[in-house]
Every structure is written in structure tokens, then in C-alpha cells.
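Let me begin by presenting the structure, written as C-alpha cells, before commenting on it.
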Amino acid sequence: MSEKERIPTIEGSEKMPDPNQMEQAFPNVNPGQAPYGGRVIVQLRRIKKDVDMGHFKLILPTETKENEKWNNMIGKVVAIGPLAFKNKDTMASWPEGSWAQIGDYVRVPRWGGDRWERNVPGEDEKDPVLFMTINDHELIAKVTDDPLSFRTYI
């Protein structure tokens, strides 16, 4: 493998996330839908409007924020369909159980799924929350480090 074809590195931090930053990234918003069958609804991490650099703030251009928002791969499970994590032939739960629960932070595919936005009640309509519905088997991994410590996309 040449130096130009490096495999992406995923770096996270095991520190506890700041509760205020978590509230900004994953505000409590009703997705407005309930999944059918074996589907899962994931609330994607909301991208910051600006970056606090200590003595000053760096305001991100709209194009950068949109690019990061739609390429985001970290989310929070907010709803699970009645047939998710079950054997589709027998409808019995898998012996190992469900691999994701409501409230888990997960990695999701960069592309795919059905995506929609919802406004946060009482906030600026220019900063909505992005949700996606995917099939249960499309969840990539459970995030075990601070979900805010990951780069937006790889």
C-alpha cells in the first residue's frame, strides 16, 4: 500500500463529554416518526455553528457546515422498530439480544438511509436536527468513547 493510500484513522477520547456540549449536539427533539419493522431511527450529531478558539470564535462557512452535516457518521438511537434485532424468519429475538438500545451512540453509514430535519423548539430555524432511518443491520458500531470526540467524517 503506497503512502497516498493510507487507511483512515479513527480517533476518539475516553473522557466524559461536557453535558452542555452534548445537549447542543443531541438536543431533545421528537423525530415526528416511529419506525416500522426492523428499522431504527438515529438522531445525527448536530454540527456546531462556530468553533470556540479561546480568545476568539471561528465562524464556519455555510458550505463547510452543510458538508459536515450530511457526511456525519455519529448518531444517537432514538427509536427502534418492533421487528428490529430479530430473526426475520421466526420473529424471535436473536440469542445474543439487541446490539443497540435507545440512547446508544452509534456509527452509521455516511450515505443511505432516509434523512429528514426537524427544528429544535425555541431555537433558530437555521440550525435544525438531522434524523435518519436505517435498517437494524446497517448500524456499523456502538460508540464507546466520547461521541463528541470523533471527527465528523472519515
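Length gained on full extension, E23 to Y36: 1.9 nm, using 0.36 nm per residue less the C-alpha separation. Extension gain for the segment N135 to W99, taken as residue separation times 0.36 nm less the Cα-Cα distance, is 11.7 nm to one decimal. Judged by the mean number of other Cβ atoms found within 10 Å, the most tightly packed of the peptides 104-111, 28-35, 118-125 leads the ranking 104-111, 28-35, 118-125.
Label-to-label distance, V120 versus K88, with points set 7 angstrom from Cα along the beta-carbon direction: 3.7 nm.
Since every read-out is calculated from the coordinates, none of them should be taken as a lab result. Keep in mind it's a predicted model, so treat the numbers as computed, not measured. All Cβ positions, even for glycine, are placed from backbone atoms using ideal geometry, and neighbour counts span all protein chains on display.
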